[in-house]
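The values are calculated or read from the model by the stated rules, or taken from the named source; none is laboratory data. Worth saying up front: this structure is predicted, and the values here are computed from it rather than measured. Positions of Cβ are generated from backbone atoms using ideal geometry, with glycine treated the same way; all protein chains shown enter the neighbour counts.
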Amino acid sequence: MSEQDDGAAHAPQAGPGGHIELVVLDMAGTTVADDGLVQEAFARAWQLLHGPERLEAARAHVAVTMGQSKVEVFRRLLDTEQEAQELNEGFEAAYEALVREGRITAIEGAVQAIVALRQAGRQVVLTTGFSRRTAEGVLASIVWQDGAPLLLTPADAGRGRPAPDLNLTAAIRTGVSGVGAMAVVGDTPSDMLSGVRAGAGLVVGVLTGASDEAQLRDAGAHLVLASVADLPALLESLGR
């Protein structure tokens, strides 16, 4: 039995009849190719404000907290709220510059997967640790075949990942029958933890971002896919 089959066999049933009504997708690394751009934008912002001092240690912290609210991550790195806000503003400016340079692309097959999920009658919500301004800039750089999905940021939900708030807010906004009818998909341990804590019926890791299969499973992934492009076929094969 393959790893994917093993994970599918042990995934809990979701919602009435096990049907997945809502798919909550992370952005960077899951539906949008990251290719180190978060780290690059962070390094630009940090060096502008602090020079090379503690840069490598700060970069390491950003790497292990990938997927979490960026400003929350920066608060843990710095001594004051003002410093954290300044770093966040610098990060957003640097990331937006990379977007304008055309360095942001959708994961291969991600847009088509979202179309397929919608055509199957499932609702789709994108969630992110970016601010709304940054996230909307990313969305605007991608050609959506039938309009961009609903987007939620930590400011919309209360807390960023690994708290369950983004997923629970997605469930409330879309009016699903229960959290068990929700699938949460992401590329980081924080994504997996947030799905588990929200009670999602299915928590799926993907290998297009920052983490490997062992890290995703250790954080609670029911199963792991090569890419979000494989998700529609997986749900169909599971009868969910």
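Some observations on this one:
- Residues satisfying the stated conditions in segment 9-36, i.e. at pLDDT below 85, crowded, with 18+ Cβ neighbours inside 10 Å and within 22 Å of G209 (Cβ to Cβ): A11, D34
- Test for L151: is it at pLDDT 95 or above and closer than 18 Å to V99 by Cβ: yes
- Counted residues, segment 85-132 - those being over 16 Å from L37 (Cβ atoms), touching a strand residue (DSSP E or B) at 6+ places or on another chain (Cβ under 7 Å) and among the hydrophobic types (A, V, I, L, M, F, W, C): 5
- Considering residues of segment 78-93 that are more than 21 Å from the chain's Cα centre (by Cα) and either hydrophobic (A, V, I, L, M, F, W, C) or outside any helix (DSSP H, G or I) (or both) only, the residue surrounded by the most Cβ atoms within 10 Å (Cβ to Cβ): L87
- Verdict on L139 being modelled with pLDDT of 95 or more, touching a strand residue (DSSP E or B) at 6+ places or on another chain (Cβ under 8 Å) and among the aliphatic types (A, V, I, L, M): no
- Residue ID - surrounded by the most Cβ atoms within 10 Å (Cβ to Cβ), chosen from residues in segment 141-163 that are over 22 Å from F74 (Cβ atoms) and either touching a residue at least 24 places away in the same chain (Cβ under 8 Å) or among the aromatic types (F, W, Y) (or both): P149
- Every residue from segment 61-83 that is small (G, A, S) and at pLDDT 90 or above: none
- Any hit, segment 106-126, residues being polar (S, T, N, Q), assigned to a helix (DSSP H, G or I) and more than 15 Å from the chain's Cα centre (by Cα): yes
- Where a residue in segment 220-240 is within 17 Å of E21 (Cα to Cα) and its partner, wherever it lies, is part of a helix (DSSP H, G or I) and not aliphatic (A, V, I, L, M), with Cβ under 6 Å and at least six apart: R240/G18
- Test set (1) touching a residue at least 60 places away in the same chain (Cβ under 8 Å); (2) assigned to a loop (DSSP other than H, G, I, E, B); (3) out of contact with any Ser or Thr (no Cβ under 6 Å at 6 or more places or on another chain) - G199 fails condition number: (1)
- Contacts under 8 angstrom Cβ, first residue in segment 70-90 being without any contact (Cβ under 8 Å) to a residue 12 or more places away in the chain and of a type in the set (A, V, I, L, M, F, W, C), partner buried (at least 18 other Cβ atoms within 10 Å of the Cβ) and assigned to a helix (DSSP H, G or I), 6 or more apart: L78/A84; L78/L87
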